[in-house]
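Taking it in order: structure first as structure tokens, then the write-up.
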Amino acid sequence: MSESRTSQSPTEPQSLTLNVERSGTTATIFCHGRLVSGVSHLLYNQACQLLPDSKHLVLDLCDVSFMDSMGLGTLVRIYVSAKTAGCTLQLIHLGKRVRELLGVAGLLNVFSVIGEHGVTMKF
């Protein structure tokens with residue numbers, strides 16, 4: 001079963017858009033725009049709503065054009081919440097900027113990152 005939802009910030013409607021697809025116990029959140037202070041809580045809230053009914057949570061970051069430290073912190077918070085709920089978290093389609101930020105923060109080895117051809121990459 002698949003569902004699609006959009007979440008937007010009332011103050012900055014174009015800065016972050018989220019679409020959700022569910023298939024069995026896997027939920028995928030497609031992120032579009034800027035994952036920054038002021039809107040990153042939208043992603044966290046959406047992920048937390050999906051965790052009780054999910055075994056696998058996938059964040060597709062292909063269309064994330066920019067991420068600041070608050071966005072990075074949000075990914076860490078989602079990781080901790082997923083682990084606590086017994087759910088796996090995977091990041092897919094990381095852009096160059098997002099990959100660099102995760103690398104500088106020393107977090108690439110924490111997250112399960114899926115490469116372009118479906119191969120899990122560990123750093």
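Just so it is clear, none of the values below were taken in a lab; they were calculated from the coordinates. Keep in mind it's a predicted model, so treat the numbers as computed, not measured. Please note: Cβ atoms are built from the backbone with ideal geometry, for glycine as well, and neighbour counts cover all protein chains shown.
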Taking 0.36 nm per residue of separation and subtracting the Cα-Cα distance, what length does fully extending Val76 through His56 add? 5.6 nm
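What number does segment 16-121 give for Rg over Rh if you use C-alpha atoms and the Kirkwood radius?
0.92
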Stokes-Einstein diffusion coefficient for segment 29-78 at 20 °C in a medium of 1.002 mPa s, Rh from the Kirkwood formula over Cα pairs: what value in µm²/s? 195
Order by neighbour count: Asp53, Asp68, fewest other Cβ atoms within 10 Å first, most last. Asp53, Asp68
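Exposure proxy check: Glu100, Glu21 ranked by fewest other beta carbons within 10 Å?
Arranged by neighbour count, lowest to highest, Glu100, Glu21 become Glu100, Glu21.
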Per 0.36 nm of contour for each residue apart, how much would the distance between Lys83 and Cys48 grow if the chain were fully extended, relative to their Cα-Cα spacing? 11.4 nm
Just for segment 16-121, what percent of DSSP beta bridges are antiparallel, to the closest 5? 35
For the pair His41 and Lys96, how long in nm is the line joining their label points, each one 7 Å along Cα→Cβ? 3.4
